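Worksheet for the structure shown next.
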């Protein structure tokens, strides 16, 4: 198969050389592609050394994109700039192409990760795209002017020539140190009490508080192997990864949709209210029934549902939603969910959907302004891209997820993030345990690690066992 892939790549390089004399000015990018046999995209990305690696996979696995570098990229400094950038991305869209984007939870400077900024819209320079119709190696070419056209061709050729098609097993050798919590249990207790005291005042009905656990890292941990295993355990999830210029990785496996648009029809959801999974089928069913009838969790989900409906009413000509809750089951937890469907009013675009829905009450709170102000003033750490949004923009179809169940990998540390919706009646210890449950799957993949109950009393211990040698072989 390697010979076949290399021949197809050589044909694409030949095509790029022939295009040097075919310049035609156009704001739209040109996408050039050739077919490939199906390959493991995670293993392929793990084997590359090119900068700017990225990955996107929708919840139904209809589209998978593995990208290298940037053909065109625009950073976004503030939330106000994002709406306009959606329109710019549509202008740049090549035929059958998609623009990738990630955006942070908040645009306040103290809430951002400097290596990612508030966000970015971009087309990969080279990408492998897998859909129901096949697998394709493609490159995106800028043709604003002849100089950029020739430079784009040169960069694409160099990138393709540098691709390593030998998909070897990753080299695993790492150790994780015991975690630090931000906020720690004592501060979490105080934050929750402060949040509950504010609920009912100034339109604040719910606020979502989150936590970072950071573990020092010694050695090399491959995010692509970890991400593949994560997706295998929770298959009905969005999968994403973005590499910053300094080599940091933000990646995750999220169950939550921000919006899916096909022409003028949209789908979104209210995902809020959480409990754990049972040890067996009977216990799991009992926990599901308890969740469906739990006053606190149903109230939390209804707050999210009502807020999203109210916001969509302004931009939709028709809107409908499920009459009752359903339950989404993941590996370690289960959520309450309401599905919402609508038809957009004439002239409403992806940027309007972003402005309307992000951040959702499931990661911010209700009312939005009051909850955001509380989080930005009190949470005490930079959420960055966690609880932000990421996805793809297409001519007829666009889809974005809420960037939860996510992690940030730096050269010397790994951070995991989780949040819990605080409403009247929330209890600090129960919400702290919910934070633990939401990262339990990833901790398991990191070597059957589990946060112990002693963390609540401030001992900050973690059971760490082993390295992902077995997982690396499965991923390849």
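Calculate for the chain the 222 nm mean residue ellipticity that helices alone would give, adding -39,500 (n - 2.57) per DSSP H run of length 4 or more and normalising by residue count, nearest 500 deg cm²/dmol.
Values: 12 runs with 153 residues, N = 476.
That calculation yields -10000 deg cm²/dmol at 222 nm.
If a paramagnetic tag sat 7 Å from the Cα of residue 133 along the Cα-Cβ line, which residues of segment 1-32 would have the backbone N under 13 Å from that point?
none
Could you give the angle, 0 to 90 degrees to the nearest 10, between helix 79-92's Cα long axis and the longest principal axis of the Cα atoms of the chain?
Compared with the principal axis, the helix lies near 30 degrees.
Limiting things to C-alpha atoms, what are the Rg and the maximum Cα-Cα separation (Dmax) for segment 313-355, in angstroms?
Final numbers for Rg and Dmax: 14.2, 42 Å.
Express the Stokes-Einstein translational diffusion coefficient of segment 230-353 in µm² s⁻¹, to the nearest whole number, given a Kirkwood radius over alpha-carbon pairs, 4 °C and a viscosity of 1.567 mPa s. Intermediate values should be presented prior to the final figure.
Working: Rh = 16.3 Å.
The Stokes-Einstein estimate is 79 µm²/s.
Computed on alpha carbon atoms, what radius of gyration and Dmax characterise segment 210-266, expressed in Å?
Looking at segment 210-266, its Cα Rg and Dmax stand at 14.8, 49 Å.
Determine the shape class of segment 34-93: with a ≥ b ≥ c the square roots of the Cα gyration tensor eigenvalues, call it rounded for a/c under 1.5, and otherwise prolate if a/b is greater than b/c, oblate otherwise. Display every interim value, and only then the final one.
Working: a/c = 2.26, a/b = 1.79, b/c = 1.26.
It comes out prolate by the Cα gyration axes.
What is the distance, in nm, between label points placed 7 Å from the Cα along the Cα-to-Cβ direction at residue 60 and at residue 265?
Placing both labels 7 Å along Cα→Cβ, they lie 1.0 nm apart.
Under a plain spin-label model, where a point goes 7 Å from the Cα along Cα-to-Cβ, how far apart in nm are residue 310 and residue 11?
5.7 nm
Quote the FRET efficiency, to the nearest 0.05, computed for residue 194 versus residue 369 with a Förster distance R0 of 22 Å and r equal to the Cβ-Cβ distance. Show your work: numbers first, answer last.
Values: r = 18 Å, r/R0 = 0.80.
That gives a FRET efficiency of 0.80.
At a 10 angstrom cut-off on C-beta neighbours, averaged per residue, how do the peptides 77-83, 45-51, 21-27 rank from highest to lowest?
Values: 77-83: 15.1, 45-51: 17.9, 21-27: 10.1.
Packing proxy ranking, top to bottom: 45-51, 77-83, 21-27.
Ordered by packing density, taken as the mean number of other Cβ atoms within 10 Å over each peptide's residues, highest first, how do 221-230, 387-396, 342-351 rank?
Details: 221-230: 23.5, 387-396: 21.7, 342-351: 16.2.
The densest-packed peptide leads the list: 221-230, 387-396, 342-351.
Hey, could you pull the Cα Rg and Dmax for segment 23-136, both in Å?
Considering segment 23-136 through its Cα atoms, Rg and Dmax are 15.3, 45 Å.
Return the FRET efficiency for the residue pair residue 218, residue 169: r is the Cβ-Cβ distance, R0 is 22 Å, and the value is rounded to the nearest 0.05.
Details: r = 21 Å, r/R0 = 0.93.
With a Förster radius of 22 Å, E is 0.60.
Roughly what would the spin-label model give for residue 162 and residue 284, points 7 Å off Cα along C-beta, in nm?
With each label placed 7 Å out from Cα toward Cβ, I get 4.5 nm.
Hey, of (1) 22.7, 90; (2) 23.4, 75; (3) 22.4, 69, which did the structure itself give for Rg and Dmax of the Cα atoms in Å when calculated?
(3)
If r is the Cβ-Cβ distance from residue 51 to residue 184 and R0 is 45 Å, what FRET efficiency results, to the nearest 0.05? Intermediate results must be reported in sequence, preceding the final value.
On the way: r = 36 Å, r/R0 = 0.79.
Efficiency for this residue pair is about 0.80.
If we count other beta carbons within 10 Å of each Cβ, what is the order of 401, 356, fewest first?
Going from sparsest to densest Cβ surroundings: 356, 401.
Within 10 Å, count the other beta carbons around each residue, average over each peptide in 134-145, 277-288, and list them highest first. Provide the component values of the computation, followed by the final result.
Numbers: 134-145: 19.8, 277-288: 12.6.
In descending order of packing, they fall as 134-145, 277-288.
What is the angle, in °, between the Cα long axis of helix 185-198 and the longest principal axis of the Cα atoms in the chain? Nearest 10 is fine, range 0 to 90.
Here the helix axis deviates by roughly 80 degrees.
Only the coordinates and a few stated rules stand behind these numbers; no lab work does. Being a predicted model, the structure only gives us computed values, none of them experimental. Note that each Cβ is placed from the backbone with ideal geometry, even for glycine, and that neighbours are counted across all protein chains shown.
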